[in-house]
Amino acid sequence: MPDIGRFFNVDPLAEKYAYNGVYNFSENRVIDGRELEGLEYISVHHYANGAVSKTEYYKMSNKQIRRLGGTTAGIHNSVAYGSQGRGIVHYYYNDNGDVTKTQWEQRQTGGRSDFVYHGLYSGPGCITYDGSEGSTNYNFDAQPIDWADAIAKRHDMDYADATKEGGEYAGYLEDVRTLQADKDMVERVDDITAAFLNNPFAPNEVDGVETPVRTSYSTEMYGTLLGQRVLINALATYKQWKIDNNLGNGDIYQDNRDAFSKAHPTTAKILDQL
C-alpha cells in the first residue's frame, strides 16, 4: 500500500501551538485548511467568513526558524525571518478556502527596498489590519522588531494623532502639523544611538517607546537609525522653515524648492530624493 500523506518529522511549530498534536496538519482541517507557510515576519490570513488569524514568525526562536529553513537573528539581522524575505504578507481566501489574493506590506527584497523599509513601521506608511493597498487602517498592535522600528512606530502614532483634526492629511513632507513628531523622533534616535555607542551589546531603553522584540545591537538596526536621523531631521528642517515663512500645508516643496535651498542647500538635496 503506498504511503500517502506521511509525516516525516514532528511539526516544527509544535512548541508554539501546544494545544495541537505534534503531527497535525492545518489544525486537523484536512479538507479546507491550509498549512502555515511563508516565513516572513508576519503572515495574516483573511477568511471569507470574516475571521482573521496571524502567525508571527519574527518572534520564533532561532531553533524553530532553522527547522523551517528560515534565516535566524544575529549580529546583522535583528529578528528571524523566512524564505520569502522580510515583510508582512496578507492572504485572502474565498468560501472554498482557496487563496484569491496576496498582498505585501513593508516588504524588503534587497537593494533599494532595504533602504526604504525596516521592520513593521519604518518607511512610508506602516502595517495595516486589512493589508489593502493605500489603507489607512493602521495596525499599532504589533510589537516592533528592534529600537529603530519601535521609534518609527511611535513616530507613526504621533503622526496619526497630530493629523486626526484640522483637515485632510497633506503627507509626510508637507503637513506642518507633524513637525513636533519629527523633532521627537530625531531626539529619540540620538538618545538610542548614543547609548549603543557607549555599549553596543547592552539592552537599552527609550523613553516613551514600546520595548521591541530585540533590545540589543544589530547592524541592521544601527544602519536604519542613521538613515532615520538624516531623513526625519530633513523633514523637520523643511517644516520649520515653512512655518517660519508663514507657509502652510497647501504650499508644496516643488513650488518653494529654490527659496528653501538657498537657506538649507544640503537638506534640499536630501528632500530632492523623495
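Values computed for the structure shown
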item	result
Sparse-neighbour loop sites [GluC sites (Glu not before Pro); segment 183-274; at most 13 other C-beta within 10 Å; DSSP]	E205
Loop sites in segment 163-252: trypsin sites (Lys or Arg not before Pro), DSSP, at most 10 other Cβ within 10 Å	K164
Label point distance in nm, Q273-D98, each placed 7 Å from Cα along Cα→Cβ	4.5
HN-Hα J in Hz across segment 46-55 - Karplus 6.51, -1.76, 1.60, θ = phi - 60°, x for Gly and Pro	9, 9, 4, 7, x, 5, 9, 10, 8, 10
D_trans [Stokes-Einstein, Kirkwood Rh over alpha-carbon pairs] for the chain, 20 °C, 1.002 mPa s, µm² s⁻¹	103
Residues whose placed amide H lies under 5 Å from that of R86, excluding near-sequence neighbours	Q108
Dipole magnitude of the chain about its Cα centre (Cβ charges: Lys, Arg +1; Asp, Glu -1), debye to nearest 20	720
Relative contact order %, the chain, counting alpha carbon pairs below 8 Å whose residues are six or more apart	13
Integer Hz, Karplus 6.51/-1.76/1.60 couplings in order for segment 258-273, x for Gly and Pro	4, 5, 5, 5, 5, 8, 9, x, 5, 5, 4, 5, 5, 5, 4, 7
Loop-located chymotrypsin sites (Phe, Trp or Tyr not before Pro) in segment 190-274, at most 10 other Cβ atoms within 10 Å (DSSP)	F201
C-alpha long axis of helix 179-198 to longest principal axis of the chain, angle in °	70
Under Karplus coefficients 6.51, -1.76 and 1.60, residue-wise ³J(HN,Hα) of segment 166-178 in Hz, glycine/proline x	x, x, 5, 5, 9, x, 5, 7, 9, 6, 6, 5, 9
Computed lengthening from R257 to L197, 0.36 nm per intervening residue step minus Cα-Cα distance	18.0 nm
Part-to-part distance (alpha-carbon centres) for segment 166-241 and segment 98-139, which is given in Å	19
Helix 219-244 vs. the chain, principal-axis angle (Cα, 0 to 90°, nearest 10)	40
Pairs from K59/K183; K54/K164; K183/K242 whose Cα-Cα separation, in the structure shown, is over 25 Å	K59/K183; K54/K164
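Taken together, the values in this text are just the output of simple stated rules run on the coordinates, not laboratory data. Computed from a predicted model, the values in this text were never measured in an experiment. Positions of Cβ are backbone-derived with ideal geometry, glycine not excepted, and every protein chain shown enters the neighbour counts.
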